[in-house]
Every structure is written in C-alpha cells, then in structure tokens.
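The values are calculated or read from the model by the stated rules, or taken from the named source; none is laboratory data. The shown structure was predicted, so the numbers you read here are calculated from the model rather than taken from an experiment. These area figures cover heavy atoms from the full protein model, side chains too; ligands, DNA and RNA do not enter into them. Shrake-Rupley method; radii C 1.70, N 1.55, O 1.52, S 1.80 Å.
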Amino acid sequence: MDVMVENKGYTLAVLDRKTTRSAQKVYMKPMALYVPSVAAAAVNALIENLGASEGSDERCALTVTNNNNGVSVDKDFASFADLTDETTAADAVKELINIVRGYDDDGDHNVCGW
C-alpha cells in the first residue's frame, strides 16, 4: 500500500533575543534559498516583519526548521546589522539548510540511529 507523505516544507525564522519575538515563513521548496539573492531577500523581509531596524545592535538568531521531522538549527548573531549583510545572510541560510539536510541523510544511512 502506497502512503503519500505530505511535504510540510522548511521554516525560515528570525528571532529577536531581547524581546523573544520572531518572524517566520514556510518554504515548500527550500532549495530556492540556495540562491544568495533569494536568501538575503528572505532574511531581510523577516527582519522587516519583525520590526527590527538594520542598525539595531540587539542580538538575534536565524533558524531553519524541517517541518517534516522537526529538526531545527539556529545561528546567533551579535546584531540585526550583521544579519542584514547580504553575503552573511545568504551564507548563514545555506549553512543551516545543509545542517538540517544532513540530519535527514543520517536517518537514511545510519542503521543504529545515532
């Protein structure tokens, strides 16, 4: 019997460490976030939705979550200004997606479950 598994996508989120408020968006095809300009635009949109200014020196975190299995990874930044840098944002998104995808691959190949 074939069971259809629903793709729940990946969530990209920005968290303000001071206020604990966050902004997030679900991407059904997260591979689009490998394009640096797309990733940077996505992060900047989340920062705008959060209401944080680019010059803010508040600590923040960027998070990527695989909604299919709950694996979530985050990366802290000293300020929103650091995260608004296009190269920094694009590299961070790519790094976090690769880490989350690595957990997916581990489950497929690791018999012991470690």
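General remarks:
- Potential lengthening between LYS25 and ASN49 on full extension [0.36 nm per residue; Cα-Cα distance subtracted]: 7.6 nm
- Stretch gain in nm, segment ASP82-ASN7, where the contour uses 0.36 nm per residue and the Cα spacing is subtracted: 23.8 nm
- Under 23 Å of direct C-alpha separation, and excluding same-chain neighbours fewer than eight residues apart, LYS29 reaches these lysines: LYS8, LYS75, LYS94.
- Across the protein chains, with a 1.4 Å probe defining accessible surface, the residues GLU58, GLU48 rank GLU48, GLU58 from largest area downward.
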